Amino acid sequence: MKDNILLNKNFFTYDEEKYLDEEFYRIQEKLKPKQRVIILEENLNIIKFDIKIRKNKISNFVDENIKKNIPQNGDVLYHYIYDSKSNLLYIYYIKGGKRIDNLIDYVKELEVTPIQFLIMSVLRNKFKIKDKEIRVLVKINNYYYYLNIENNIIKQSFIVTNEEEILKNIEINEEYSKLYIDNNILHEIAEIKNHINIISFDIVKGIYEKINKK
């Protein structure tokens, strides 16, 4: 964690200390030339396009649709993935651009990672889950994060703060009823157990090990 800035909704953490956004000046001299920022507690929004497109045309297509579909307020960060096998283009966007702007002048290289992508990386690389489709539910700092991942592409993502909202958002079907969850919330999802095959282990511990890894 010492090398990472963790952006929570109302504060940020650096070197294991919490700061308000207006206290950013306190860490400027401590920043590394190559700095990593992890965004937490924000929705990872997804726009999907079913389109067959040439590789050299993707960037322009993405730019055009960002202008049409995503708020142009300077606070949105985006990323895209094109799956040529299925001809599906995914545009991901998340809040945090204005807060990231505070860092740009003080580092040579800045890597920004939404926690949702970090969760996916931990499941695939640390826990070696090889399922074609992965659904996962974890709780970090009172926020529940749910992801539906297929072939290393996040197809669905949401965050909520209470158990009641989980069932409203999770897609339950007979063909795929497996859900990976963190051990710490096993007791909180009794109703979900009636519908889904639950597999639990220390996912959040693995996430923090990934965050703290230098």
Meets criteria (over 23 Å from the mean Cα position of the chain (by Cα) and at pLDDT 95 or above) for Lys30 = no
Sole residue being within 30 Å of Asp15 (Cβ to Cβ), within 16 Å of the chain's Cα centre (by Cα) and outside the structural domain of Asn148 (by TED's automatic domain parsing), chosen from Ile81, Ile91, Ile38, Ile104 = Ile38
Give the number of residues within region 74-99 that are exposed (fewer than 15 other Cβ atoms within 10 Å of the Cβ) and hydrophobic (A, V, I, L, M, F, W, C).
-> 1
Residue check: is Asp75 within 18 Å of Asn151 (Cα to Cα) and either in contact with a strand residue (DSSP E or B) (Cβ under 6 Å, 6 or more places away or on another chain) or at pLDDT 95 or above (or both)?
-> no
Every residue from region 134-162 that is at negative phi, modelled with pLDDT of 90 or more and out of contact with any helix residue (DSSP H, G or I) (no Cβ under 8 Å at 6 or more places or on another chain) = Arg135, Tyr143, Asn148, Glu150, Ile153, Lys155, Gln156, Ile159, Thr161
When both residues are 6+ apart or on different chains and their Cβ atoms are under 6 Å apart, which pairs have a first residue that lies in region 98-125 and is without any contact (Cβ under 8 Å) to a residue 60 or more places away in the chain, and a second that is among the β-branched types (Val, Ile, Thr)?
-> Met120/Ile149
Only listed residue being assigned by TED's automatic domain parsing to the domain that holds Leu179, in contact (Cβ under 8 Å) with a residue 60 or more places away in the chain and either aliphatic (A, V, I, L, M) or under 16 Å from Val37 (Cβ atoms) (or both), chosen from Ile140, Ile129 = Ile140
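The values are calculated or read from the model by the stated rules, or taken from the named source; none is laboratory data. Bear in mind the structure is a predicted one, so any value in this text is a computation, not a measurement. Note that each Cβ is placed from the backbone with ideal geometry, even for glycine, and that neighbours are counted across all protein chains shown.
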